[in-house]
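Derivation of every value follows stated rules applied to the coordinates shown; laboratory data play no part. Every value quoted in this text rests on a predicted model; they were computed, and no experiment measured them. Virtual Cβ from ideal backbone geometry, glycine too; neighbours counted across all protein chains shown.
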Amino acid sequence: MSRLFVSLLALALAAGCGGGSSSSRAPTLPPANPKALSKMAQGVAAAKETGGRSRAIKLLREAVKMDPNLWEARYDLGVLLAEESDLDGAESELAAAFKLAPNAEDVVVALAEVRRRQGDASGAADVLGGFVKQFPKAVVARTSLVSALRESGKVDQAIDHAREVLVRRSSDPNALAELAMSHLQRGEIDTAELLVKEALKADPNNAVAERTAGLVALKKGDDAIAFRHFAQASSLDPKDTTARLNTGTVLLQAGVYDKASQEFRGVLAVKATDTAAQLGLAAALRGLGTRDNRGPYQEAEKVLKDVLLREPKNMNALFNLGILYADFLGKPAEAKPILERFLAASPSSHPARAHAKKIIAGQK
């Protein structure tokens, strides 16, 4: 007897892949607990309501407690936890869902995306590699595998899998964009540019292709063109945090601090603990502060301290907090131990070490 599948949540995790679909029917499992199914349905409904996410998580937890084999509830719960930046909790639920439903493409793609967000690209590649080996026609999972392989440094393998997707879907914009990214990572800018043009030709409204086009333009030194592509990617997909992060970076480099801060805040609204966005926001806030308006400096201090709570040896956070204390908040005594931590954490070749040593020695 097949399990009833009532999950209605859209998968918003698979960057560049869109929603997936099950590769085949769910495995045969014992009949689900009717009360658990009811709780799951209530949780799905709550997730769609404004401000209903916390209640949805509570209901889905109750469904899982009533029926630990209800993989659909674990999947939905994992997606919601990931959206709340509880990546450890999300990974646990999605791994359990995948164990119960090893043929569900949505589940494996979500699990892999959470592992990528945890910085475990190799773990993402491992689970996706096993899945596509068993289900060679799983295009969404294979496209996600391309990203994971590329991020784990296995660019040649990423290119092979991207080409395999294109054998099945010759004009797949996501596969073309991923292939372009892989060639860009190998320094083959012209090839990447040709591929991303084909991706945009296949789908002019594809956020991933627009984002990739922006990265190609950045590599070529065309910052203005890159900005237009990133802005278009963000408008097409407000949850495309990579595009917003890149847009914020371009604006930051151009000294447009107010708009840069808006982009970084947009990323953090989706991924509350995105370190790159927090560092970017702190830099933008430092640019917005003045002697008469120290509020942005104080917020930047709070943001950098939050990064260091999670990552005590983050070199960028340590250096920038030290500079903030020394040059902007007038707290040289507090700058010294922070910069000493930076020197202990950074390699001897780090270009900022000389500046940090001068501040510690009390030099300008």
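What shape does region 51-119 have by the C-alpha gyration tensor, where a ≥ b ≥ c are the square roots of the eigenvalues, rounded means a/c under 1.5, and otherwise prolate means a/b greater than b/c and oblate the rest? Oblate is the answer for region 51-119, as a/c is 1.5 or above yet b/c matches or exceeds a/b. Counting every other Cβ atom within 10 Å of each residue's Cβ, Asp240, Asp274, Asp258, Asp222 order from fewest to most as Asp258, Asp222, Asp274, Asp240. Excluding same-chain neighbours fewer than eight residues apart, the aspartates and glutamates reachable from Lys239 by a Cα-Cα span under 16 Å are Glu83, Glu84, Glu113, Glu210, Glu263, Asp274. Taking a point 7 Å out from the Cα of Lys201 in the direction of its Cβ, the residues of region 141-170 whose backbone N falls within less than 20 Å of it are 162-170.
Under a 5 Å amide H cut-off, with hydrogens placed 1.01 Å from N, Arg186 pairs with nothing among residues at least 5 apart or on other chains. Extension gain, Glu311 to Lys259: 0.36 nm times the residue separation minus the Cα-Cα distance gives 16.0 nm.
Is the shape of region 264-364 best called rounded, prolate or oblate, per the rule: a/c under 1.5 gives rounded, else a/b larger than b/c gives prolate, else oblate, with a ≥ b ≥ c the square roots of the Cα gyration tensor eigenvalues? Oblate, because a/c is 1.5 or more while a/b does not exceed b/c. P(r) of the chain in 10 Å steps, Cα pairs, percent per bin? Taking every Cα pair in the chain, the percentages come to 5, 21, 27, 25, 15, 5, 1, 0. Placing a pseudo-label 7 Å from each Cα along the Cα-to-Cβ vector at Thr273 and Lys133 gives an inter-label distance of 3.1 nm. Is there a pair in Lys219/Lys259; Lys48/Lys99; Lys259/Lys302 whose C-alpha atoms are over 24 Å apart, and which pairs would that be? Over 24 Å apart, Cα to Cα: Lys48/Lys99.
By the gyration tensor of its Cα atoms, with a ≥ b ≥ c the square roots of the eigenvalues, what is the shape of region 163-241: rounded for a/c under 1.5, prolate for a/b over b/c, or oblate? Note, shape of region 163-241 comes out oblate. Here's the list of aspartates and glutamates a cross-link from Lys336 could span, going by alpha-carbon distance under 18 Å and ignoring same-chain residues fewer than 8 apart: Glu301, Asp327.
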